[in-house]
Amino acid sequence: MSEKPLSVEIKKITPYLWEIPKKGDMLVPGRIYGDEETIQSLLKDVEEKKGGGFTPAIVQVLNVAMLPGIQKASIAMADIHPGYGFAIGGVGAFDLDQGVISVAGVGFDINCGVRVLRTSLDKEDVEAKKEQLANQLFRDVPAGLGSTGDIRLNSGEIDEVLIKGAEFAVKKGYGFPEDLEYIEENGKVQNADPDNVSKKAKDRQFKQVGTLGSGNHYLEVQWVEEIYDLKAADAYGIRKNQILIAIHCGSRALGHQIGTDYLQTLSEASRKYNIPIRERELVCAPFKSPEGQRYFTAVNCGINGAFANRQVISHLTRKAVQHVFGIDMRDIALLYDVGHNTVKIETHEVDGVNKKLLVHRKGATRAFAAGRVEVPAAYREVGQPLLVGGTMGTASYILCGTQKGMEDCFGSAVHGAGRAMSREKAKRQWRGEELIHELAHKGILIKSRSKSGVAEEAPGAYKDVDRVVDIVHGAGVNKKVAKVRPLVCVKG
Amino acid sequence: MPYTYLDHEADVGIRATGSTLEEAFEQGAKAMLNVMWDISTIEERQNVSIECTAGDIPELFVEALNEILSKQGIEELAIARLRVDKITNVDGRYELKGTVFGELLNLDKHTVKTEVKAATYAGLRYEEKEGQHIVQCILDV
């Protein structure tokens, strides 16, 4: 388990795609989406062993390339930055028989993701009542450490959440049945076994359904500033100046506890099955082993928990918007909901043959192209919507999946801007209150209980989201549809 | 310095030092709790015992931190401190028994900062050097 960085040789394939050739223990090459600046910064990180000597992102890409059963390449999307085990932005697809499943490939916030609601409101409508809307959302949507949701579940119902996901929430009156069609996997993944989720995880969950959480999670009211692809925008039901609402959150303590519980299980499995891992956090088990299957069926419970969570928050959001503007809740439709910390069985072409693979995406979004049956019928001609979160001061994007993305990166997309600076450094550089004042001056209202949390999330602590999106668009693996800007941001 | 924060782009690295292993763990817990809230706003009005086991000392450190997070969440506590009562090695497995101190979380009283999702194996290290025990890991926030 050496954490010694390798000497990294990297070659340019296109201006937006780079390859680290297969070498030593690597089973496949590493491929990174980025421009010259991305790559120079990654290489500089390797040299300096910046970040207190923690494993640099590029080395994490190489470490994943050494895991048994990996297919084609260890991939990182353009928002790559150091994670734990996998780089954030990392995509690793594995053979079902020979491959492994890894906690680090999913992370502790299982199925953390973004959901976007589209409204019948325009920017001008919200500008007139912005403060009122911000206050209403902040009051109605529980956010931040220690907040609890308004659903109270009994123990039987907890298992139902884990098996039925968003469908459970709809059944309880949170949202509409038609919402389910516009959630990845229809808001419910199969192979979820609550028996493989600890009592501790369930106990932590039962008051947290319908809470936003903290850190980089947010609820944001946005307006559509620019449309790049009219056909896709039409299909998604979005137009210039329209108000959208983005919800970024995950599976809360349920997911955190599942990840934590299986860290030790998979650590023991790595030793038992003698899996060569380069970094302790990369602990994994053969997918088909009992340990691997237990983790997979537990992760699926976490995925469903997150879908239920975002479904409940959507309902609270709709209610708040209805209260302020008097519009019908059905005028606030679900555009789409995608996870970016997941592991899924998907069919992809490998060496000309369609094959079922286990695809880990850590800080990366599924991005299926037009024609895939998994994409909702209304969007199937243009491809799956990708919801890319920027920062509270900058743009966010809606992209769509492409055929090239299917071929080159297992149908995956960037998930956000990607951090460029540590939280500690951000707090030294910015003060929460000043930042809130500065953003208000730019017409963006921030609501948060934690001023230090706001400083940590300063727009300047992130990479330039416009550049990150231009890279994947330029590489042809994701396509720009629309750019949106924030008006109100509720932070945890 | 009993504990320090290490720069890491996405998350928070912590490193804690103590003249005993127990003290290093206690300082590590303090580093984590201080990420979550201003611990000076928490009164030690109640305590809860914690127990965990692991195959080696570094993993025990992560287990202990994650156990604190579980207890925090389930009991809805604001926790100010961990006291490690005992770390023992039983048949090759390490066991920790300890107590956490704090009170029921009250958002009007306690200054909350950032939720810690988990302590991770990333950057995980333990060493004993010149009579000092040093533990380090990355917290997912």
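Restricting to DSSP H runs of at least four residues, report the calculated mean residue ellipticity at 222 nm for chain A, -39500 (n - 2.57) per run over all residues, nearest 500 deg cm²/dmol.
-10500 deg cm²/dmol
Near the amide H of A:His217, under 5 Å away, which other amide H atoms are found, from residues 5 or more places off or on another chain, if H is placed in the peptide plane?
So A:His217 has HN proximity to A:Gly492.
Return the Rg/Rh value of segment A:165-276, two decimal places, where both radii are evaluated on C-alpha atoms and Rh is the Kirkwood radius.
1.09
Tell me, which longest segment in chain A has none of the GluC sites (Glu not before Pro) that fall in DSSP loops with at most 12 further Cβ atoms within 10 Å?
A:10-380
How high is the relative contact order of chain A? Use alpha-carbon pairs under 8 Å, at least six apart in sequence, and give a whole percent.
Taking the mean separation of contacting Cα pairs over the length of chain A, I get 22 percent.
Please compute the volume of the convex hull spanned by the alpha-carbon atoms of segment A:44-178 and report it per residue in Å³.
Hull volume normalised by residue count: 236 Å³.
Pop out the ³J(HN,Hα) list for segment A:314-324 in order, Karplus 6.51 cos²θ - 1.76 cosθ + 1.60 with θ = phi - 60°, rounded to Hz; leave Gly and Pro as x.
4, 5, 4, 5, 4, 4, 5, 5, 4, 4, 7
Using only Cα atoms, find the angle between the long axis of helix A:432-441 and the longest principal axis of chain A, and express it within 0 to 90 degrees, rounded to the nearest 10.
60
Would you mind checking the pairs A:Lys11/A:Lys362; A:Lys22/A:Lys404; A:Lys272/A:Lys425; A:Lys188/A:Lys479; A:Lys463/B:Lys71 and listing those with alpha carbons more than 29 angstrom apart?
Listed pairs above 29 Å: A:Lys272/A:Lys425; A:Lys463/B:Lys71.
Run the simple label-point estimate for A:Lys288 and B:Arg93 please: 7 Å along Cα→C-beta, distance reported in nm.
3.0
Select from segment A:77-117 all residues whose loss of accessible area on going from the chain by itself to the full protein assembly reaches 30 Å² or more (probe 1.4 Å).
Residues losing area: A:Pro82, A:Tyr84, A:Phe108.
Taking only protein heavy atoms into account and a 1.4 Å probe, give the accessible area per residue of segment B:3-140 in Å².
Result: 37 Å² of accessible area for each residue.
Considering chain B as a Gaussian network with a 10 Å cut-off on Cα pairs, which listed residue, B:Ile39, B:Ile14, B:Ile74, attains the greatest mean-square fluctuation?
Evaluated over chain B, the most mobile residue of the options is B:Ile74.
What is the Cα coordinate range of chain A on the first, second and third principal axes, sorted by size from largest, in whole angstrom?
That gives 62, 50, 46 Å along the principal axes, largest extent first.
Could you calculate the FRET efficiency of B:Asp38 with A:Arg428 from 1/(1 + (r/R0)^6), where r is the beta carbon distance between them and R0 is 22 Å, rounded to 0.05?
The value I calculate is 0.80.
Going by a 1.4 Å probe on protein heavy atoms, which residues of segment A:258-292 end up with at least 10 Å² less accessible surface in the whole assembly than in their chain alone?
Flagged in segment A:258-292: A:Thr260, A:Leu263, A:Gln264, A:Ser267, A:Glu268, A:Arg271, A:Glu279, A:Arg280, A:Glu281.
If amide hydrogens are placed 1.01 Å from N in the peptide plane, which non-local residues have theirs closer than 5 Å to the one on A:Lys172?
Here the answer is none, since no amide H 5 or more places off falls under 5 Å of that of A:Lys172.
Work out, step by step, the length gained on full extension between A:Asp97 and A:Asp195: first 0.36 nm times the residue separation, then minus their alpha carbon distance; give nm to one decimal.
Full extension from A:Asp97 to A:Asp195 adds 32.9 nm.
Using r as the Cβ-Cβ distance of B:Ile134 and B:Thr111, and R0 as 35 Å, what FRET efficiency do you calculate, to the nearest 0.05?
Efficiency computed from Cβ-Cβ geometry: 0.75.
Would you mind giving the total buried accessible surface between chains A and B, with a 1.4 Å probe and ligands, DNA and RNA left out, rounded to the nearest 100 Å²? All intermediate terms of the calculation are to be shown ahead of the outcome.
On the way: alone 18450 and 7430 Å², together 21700 Å².
By this definition, chains A and B bury close to 4200 Å².
Measure nothing but the geometry: give the 0 to 90° angle between the long axis through the Cα atoms of A:155-164 and the longest principal axis through the Cα atoms of chain A, rounded to 10°.
Taking the Cα atoms of chain A, the angle to A:155-164 is about 70 degrees.
Could you order B:His133, A:His473, A:His256 so the one with the most accessible surface comes first? Probe is 1.4 Å.
Sorted by accessible area, descending: A:His473, B:His133, A:His256.
If you take the beta carbon distance between A:Glu349 and A:Ala440 as r and set R0 to 56 Å, what does 1/(1 + (r/R0)^6) give as a FRET efficiency, to the nearest 0.05?
Numbers: r = 50 Å, r/R0 = 0.89.
Result of the calculation: an efficiency of 0.65.
The values are calculated or read from the model by the stated rules, or taken from the named source; none is laboratory data. Since we're looking at a predicted model, the values are computed, not measured. Here Cβ is always computed from backbone atoms with ideal geometry, including for glycine, and neighbour counts include all displayed protein chains. Please note that ligands, DNA and RNA were not included when accessible areas were found on the heavy atoms of the full protein model with its side chains. Shrake-Rupley method; radii C 1.70, N 1.55, O 1.52, S 1.80 Å.
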